Every structure is written in C-alpha cells, then in structure tokens.
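Undergrad: Quick one: this structure, given as structure tokens, is what I'll be asking you about.
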Amino acid sequence: MKESGGNRWRFVAAALVMQLCLGVLYSWSVFRGPLEMLHGWTREQSIAPYRYSLLFFTIAMVIAGFWQDKKGPRLVGSVGGVLLAAGCLLSAWIGDTPGGLIVAYGVLGGLGVGFAYVTPIATCVKWFPDKRGMIVGLAVMGFGAGSLIFAPLLESLIGSDASLYAQSIPKTFMVMSAVFFVFVIGAAQVYRVPPAGWKPEGWNPPAPAGGAVSKVDYTPGEMLKTWQFYALWVLYALGASVGLVAIGQASPLVREMAAGGAALTGGAALGVMSAFNGLGRLGWGSLSDKLGRKATAVTMFCVHLVACLFFLRTASSFWPLLIGLCLVGFAFGGYLALLPSFTADYFGPRNIGANYGLMFSAYGLSGYFVPGYFAGIMEQARSAGDLAGGYNQVYVTLAVGAAIGMVLALLVRKPQTN
C-alpha cells in the first residue's frame, strides 16, 4: 500500500504508544525485592530474568530486523505484541521459580520486546530522513520513559504487604499481559513503509564532504566487513553498560544506600530516572542532528563519567544518588537514539532493520553479561558488610569503560570509497 508523506507523524505517535509499553523491561528492579522476600532468592537469582530478557531482546532484534525488511513492520510488530503478552501471562503461572521466570519473562517476554522494538525505529527512519536523529529519539523516547508509568504502577499493584505477594505478583503479570495485548498489537497496525524512492517534499540528501564518495546502502554482509561497524558496536556496548547496570540496581540501591532519608520509594525513583532516560533519547537525538553524531557521543560519555565518579561512586544519601541515577538515565537514553541514526548515516536506510538489529547485539550482550557480573560483586560486598565499597567498585569500573568509549567516539568516521 502506497502512502503519501503528509500523514507521516502518525507513525511517530504509534511508535510512542508501542515503546511506552515495551519500556516495562526497565521496571524489572521493582519486582526484585518482593520476589526475594517471597521466595528467599538471592540478588543474582532475582536479576536473572532481567538479564535473559535483554539477551533474548537482542536475539529477536537481529531476526526481526531481517524479517521486517522483507515482510514489513506491521506483521513483525504484531508478533512481538503476542509474544510479550504471552510471556507476562505465563509469568503469572510459572513465575514462582527463577527458571520459570527466565523462560516466561526472560525468553518469551524478551523475544516479544525485540520483535516489536525494531519496527517503529525502522519505520520512522525511512519516513524521516530529514530529521533522523530527532525522530528516532522521539520514537524510542517512550521506551526509556516507560518506567515512569510502569514502575509506580507495578509497585502499587504488587503492594507492600509481603503476606500478599503470592497473590499480588501473579495478578500484576496478568494486568501487564492485557495491556500489552491491546496496545502493542494495536499500535503495530498503524505501521507502513514509504514507497521506493520516496523523500520529503523539498528535501535532498546532503552532499558528501571533501569530495569523498560514500556508499549509500550497505547490505548486512557488507557492513560486517567495515571496521566502523565494530567500533560503533563497542561504543554502543560501553555506553549501554553504564545505563543497564544503573537501571537494574536503581530500586535496591535507593533502598539500601539511602533508605533512612529517601524522599521517594525505589519504584518512584526508578520512574524519575526513566523520565530522564526518555528525555535523553529525544534531546540527544535532536542535538546530534545539529552537533553531529560523534560530538554528541563524546558529550554523553562525559556525562556518564561525571555521574559514575562524582555521584554514584560514594553515594550515601538520597539526593546525590538520585542526581547520579538521573544523569546516567539521561545519557543512556541518548545511545538508543544515536546508534540507529549512526547506523543509517554510515550504512544507509534501505537495510536499517537488519543492520541495526546486528548493531543492537551490543546492547543485548551487555545487558546479559554486565549486570550479572556486577550483581556478583554486590553479592560479595553484601556478604562482607561493605555495600558502599561494592558500589564504589562497580561505578569506578563503569567510569573506565565510559572513558574508553569517549576515545572510540573521537576516532570513528563514516566509511568512504574514493
């Protein structure tokens, strides 16, 4: 079906609705405390479903990227909604063991998020070549801000009475399933792709600088032969690691390090952090259209450095801790807007679904390995009675990674043929 460009903003609206739902992934830390109290799980057990959801999110992104380039975003997004809703429903039935939640929420839910997530990005990139950074930022803003809605909602549904957790946790998963079935699948029905050769009226692609010729569209195989893909992949992994660790630890961190003077619950603090995450996606994406992708990436890594070294490393009171989490959320959100734009700029928009799916593996592998590694460090610190020392080690290590990412951002450049 051919579409004119006059109504292209409806795809952005549908993307926001879908991404707000998919952003529930970042609210997992709200479940951790109640699950640990109900079942006696360790920190490593309670974070396992989150880690697996990020891993299978990535696996699905790669598959869905190739699939949606061939079959279109509507079918792939709908399949994602069905899988996510089914995963949450199954979590209500078999979520009383770590293995059950890993299968239901981690595998099925993660696959659902991955199938759905790539579709609005690929759709919006193709409809908005003139505002690529801003529009991708706007499209994924909902994913980052999803916890602003879901974290307090889930916290309210679960409740604070530990004697009721056996009933309230499954009911919460059922509510999530119903919401995702309606809104994720519904939003997917809006998506369409532009006709071949379409471009916004009055807009022409910018001429390459310095007389060098850039290949317009790379296939996934051609992209994998460039060093720029691997540089961007590592840059993405380093930037994502800081945010994913902070998000996974946010609710426990507030409870443990600032419990006495905390002005907000762990879920509410996570919601505030997610608002900055969402704003960062739009803000950094828009800035990158004006400042350039490289300069924007360097600035984001600087923000991560400041947050890790001066706020989170030795946080012992609520407000410095919240400031650090919000800075991390704000910078982290930018990577989810910047890397789709980087990928389209460097390797072209035609195969953006497949190409960004491969690039996104940096995010997923970081989400699987890095939070688990740092959860082990925190478990040891907790056993030794030195939580502050554990958090100090975590955020100094992440700061080193941010510094390396800054160097990579300065070195990377667009592939060119002369």
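The values are calculated or read from the model by the stated rules, or taken from the named source; none is laboratory data. All values derive from a computational prediction rather than experimental measurement. Don't worry about glycine lacking a Cβ; one is built from the backbone with ideal geometry, like all the others, and counts go over all protein chains shown.
Undergrad: Give the residue, chosen from Phe369, Phe347, that is surrounded by fewer than 24 Cβ atoms within 10 Å (Cβ to Cβ) and out of contact with any His (no Cβ under 6 Å at 6 or more places or on another chain). Quick ask: steps written out before the conclusion?
TA: On the way: Phe347 fails: surrounded by fewer than 24 Cβ atoms within 10 Å (Cβ to Cβ).
Testing whether each residue is surrounded by fewer than 24 Cβ atoms within 10 Å (Cβ to Cβ) and out of contact with any His (no Cβ under 6 Å at 6 or more places or on another chain) leaves just Phe369.
Undergrad: Consider Trp41 against the criteria (1) assigned to a helix (DSSP H, G or I); (2) in contact (Cβ under 8 Å) with a residue 12 or more places away in the chain: it satisfies all of them except one. Which criterion is unmet?
TA: So Trp41 meets the others, but not (1).
Undergrad: Additional query: For segment 329-337, check the following and say yes or no: at least one residue is surrounded by fewer than 24 Cβ atoms within 10 Å (Cβ to Cβ), closer than 13 Å to Gly144 by Cβ and out of contact with any strand residue (DSSP E or B) (no Cβ under 7 Å at 6 or more places or on another chain).
TA: Within segment 329-337, none of the residues are surrounded by fewer than 24 Cβ atoms within 10 Å (Cβ to Cβ), closer than 13 Å to Gly144 by Cβ and out of contact with any strand residue (DSSP E or B) (no Cβ under 7 Å at 6 or more places or on another chain).
Undergrad: Filter segment 12-33 for residues that are under 19 Å from Leu270 (Cβ atoms) and surrounded by fewer than 22 Cβ atoms within 10 Å (Cβ to Cβ) and give the result.
TA: Within segment 12-33, just Gly33 meets the criteria.
Undergrad: Let me ask something else about it. Regarding Thr172, is this residue buried (at least 16 other Cβ atoms within 10 Å of the Cβ), more than 23 Å from Gly77 (Cβ to Cβ), out of contact with any helix residue (DSSP H, G or I) (no Cβ under 6 Å at 6 or more places or on another chain) and modelled with pLDDT of 95 or more?
TA: So Thr172 fails the test.
Each row is one residue, and each column tells you yes or no for (1) of a type outside the set (A, V, I, L, M, F, W, C); (2) surrounded by 23 or more Cβ atoms within 10 Å (Cβ to Cβ); (3) more than 21 Å from the chain's Cα centre (by Cα); (4) over 27 Å from Ala295 (Cα atoms).
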site	(1), (2), (3), (4)
Ile94	no, no, yes, yes
Gly99	yes, no, yes, yes
Val103	no, no, no, yes
Ala116	no, yes, no, yes
Thr119	yes, yes, no, yes
Pro129	yes, no, yes, no
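Undergrad: So in segment 26-48, with the set limited to residues that are over 14 Å from Ala162 (Cβ atoms) and among the aliphatic types (A, V, I, L, M), which one is modelled with the highest pLDDT?
TA: Going through the qualifying residues, I end up with Ala48.
Each row is one residue, and each column tells you yes or no for (1) of a type outside the set (A, V, I, L, M, F, W, C); (2) outside any helix (DSSP H, G or I); (3) closer than 20 Å to Met176 by Cβ.
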residue	(1), (2), (3)
Val24	no, no, yes
Arg32	yes, no, yes
Ala48	no, no, yes
Arg51	yes, no, yes
Leu54	no, no, yes
Lys70	yes, no, no
Gly80	yes, no, yes
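Undergrad: Show me the helices (runs of 4 or more DSSP H) found entirely inside segment 337-418 where at least 2 residues are under 30 Å from Leu138 (Cβ atoms) and in contact with an Asp or Glu (Cβ under 8 Å, 6 or more places away or on another chain).
TA: Values: elements: 352-359, 361-383, 387-411.
Output list reads 352-359.
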